[in-house]
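The values are calculated or read from the model by the stated rules, or taken from the named source; none is laboratory data. Predicted, not measured: the structure shown is a model, and the values here were computed from it. As a convention, Cβ positions derive from the backbone with ideal geometry for all residues, glycine included, and neighbour counts pool all protein chains shown. With ligands, DNA and RNA removed, areas are computed over all heavy atoms of the protein, side chains included. Shrake-Rupley method; radii C 1.70, N 1.55, O 1.52, S 1.80 Å.
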Amino acid sequence: MGNLTQQAAEGLKNAVKNAYGYSDDQAYRHSGISSMNGITDQNENVTVDDFRTILSYANAHHLARLTFWSVNRDRPCTGGTADSCSGVGQNNWDYTRIFAGYGG
């Protein structure tokens with residue numbers, strides 16, 4: 001999912017670039033990524049490693065925004081629902097700690 005997110009962000013960058021006549025750098029700086037952590041509504045698995053890949057991409061291109069849905073899911077499941085846990089093996093706040101490293 002990390003690589004697919006990068007591909008989608010490249011498509012967004014190209015659309016913004018073409019729509020506004022921006023350079024690549026300007027288009028990146030007017031774009032952003034919002035991901036879901038863990039098991040998504042579409043049953044995709046966005047792992048902690050995927051977040052590291054996304055963070056690296058965002059830092060390299062100085063995206064305007066990097067966020068995820070949602071912090072209340074940033075914990076492993078202990079019998080809860082998808083609204084209260086990620087659905088994957090992780091430590092509490094792993095996803096938050098990764099994206100907190102975003103420097104813009």
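Some notes on this structure:
- In the full protein context, the chain carries 56 Å² of accessible surface per residue, based on a 1.4 Å probe and ignoring ligands, DNA and RNA.
- If you bin all the Cα-Cα distances of region 61-104 at 10 Å, starting from zero, the percentages per bin are 29, 46, 21, 4.
- Think of the chain as having a plus end and a minus end, set by charges on the Cβ of Lys, Arg, Asp and Glu; of Gly89, Gly101, Thr5, Gly101 sits farthest toward the positive end of this dipole.
- Carbon + sulfur, % of accessible area of region 2-67 - ligands and nucleic acids excluded, 1.4 Å: 44
- Given the choices (i) 50, 26, 18; (ii) 36, 27, 23; (iii) 41, 28, 21, Cα extents along the principal axes in Å derived from the coordinates of this structure is entry (i).
- One chain, two ends: Asp83 and Thr67. Fully extended at 0.36 nm per residue, the span grows by 4.1 nm beyond their Cα-Cα distance.
- In the chain, helical runs assigned H by DSSP with n ≥ 4 each contribute -39500 (n - 2.57); averaged across all residues and rounded to the nearest 500, the mean residue ellipticity at 222 nm is -13000 deg cm²/dmol.
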